[in-house]
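Working notes, beginning with the structure itself.
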Amino acid sequence: ATVDESSSTELYLTCYVLLAALSQIVEGKREKKMVQRLDFQVAKPAKVLKVENGGGDKLGDIARVNHHLGKLKVPDLKPLHTILFDMPGKIATMRKNMRLFNGFPFEVDSEPYIKKKERMMKITCVRLRTICKVLDLEKGGNQSVLIDRIMTFLMSPRISGKPNAYCYVFLCLFSYIAALDSSDDDEPLIKMIKKPPTDEQLKETVKRLLKDANLEEMTMKKICQKVYDTYPEYDLTSRKDYVKQTVKMLIS
């Protein structure tokens, strides 16, 4: 009877443990996991630059402006490109875009005009003067004066008629040559007829001087000087070697 009671007790305990474990499984709550959702963001389309018709002359058609656009570095051109198109621009197309610009499409004192000037107030005077240099404008004045000057020009760019840098150099050179030519008008005609002595003439001069010279006292320096004195109108120092060779040949 004792064995039966012990077996019954063990069986009872085993069943109790199993039931307790089963109860925990049934009543227990499963841990919830956070669901990660993929967030697909549609990229905004890039702003397309559009060169609108302003009615003025294209910057590329204005010789001096076109020269500055090609000469200045890209960092110096970005502020102007931003003013013209409200974006910095790409290196590959920046100069091309600016050369096509021919004025703003809005009116003076309109809302776009006022906003454009307000944004330009953030640009330093140094950069504004660089913009004036590109546009071939005066660079003097404070920030407000510079902005008004730039906007007045950009509303309707016009060809000034000034020659570009290369033409200016050419004109200066032409004027200098013309001045040289005119200075010859005051020279005696005899100087225009006379020409520097030929090698044969120098040879005959050396021969004549040696014929009457005392070779024991005459030096190469003296004979060269006598040749120079024979032709005072010309600088014969560059032909000194020829004179010396001629002397050596004639006395040998």
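Show log10 I(q)/I(0) for region 64-161 at q = 0.23, 0.25 Å⁻¹, two decimals, from a solvent-free Debye sum over equal Cα scatterers.
Scattering profile of region 64-161, log10 relative to I(0): -1.41, -1.66.
How large, in percent, is the carbon and sulfur part of the accessible surface of region 55-168 at a probe radius of 1.4 Å?
55
When every alpha-carbon pair in region 88-130 is counted, what percent end up more than 14 Å apart? Could you put the intermediate results ahead of the total?
Working: 590 of 903 pairs.
Of all Cα-Cα distances in region 88-130, 65 percent exceed 14 Å.
Cross-link list LYS47/LYS139; LYS90/LYS139; LYS73/LYS115; LYS116/LYS139; LYS117/LYS139; LYS78/LYS122: which exceed 24 angstrom alpha carbon to alpha carbon? Walk me through the intermediate numbers first.
Details: LYS47/LYS139 33 Å; LYS90/LYS139 27 Å; LYS73/LYS115 27 Å; LYS116/LYS139 20 Å; LYS117/LYS139 18 Å; LYS78/LYS122 14 Å.
As for pairs spanning more than 24 Å Cα to Cα, those are LYS47/LYS139; LYS90/LYS139; LYS73/LYS115.
The values are calculated or read from the model by the stated rules, or taken from the named source; none is laboratory data. Because the structure is predicted, anything quoted here is derived from the model rather than measured. Please note that ligands, DNA and RNA were not included when accessible areas were found on the heavy atoms of the full protein model with its side chains. Shrake-Rupley method; radii C 1.70, N 1.55, O 1.52, S 1.80 Å.
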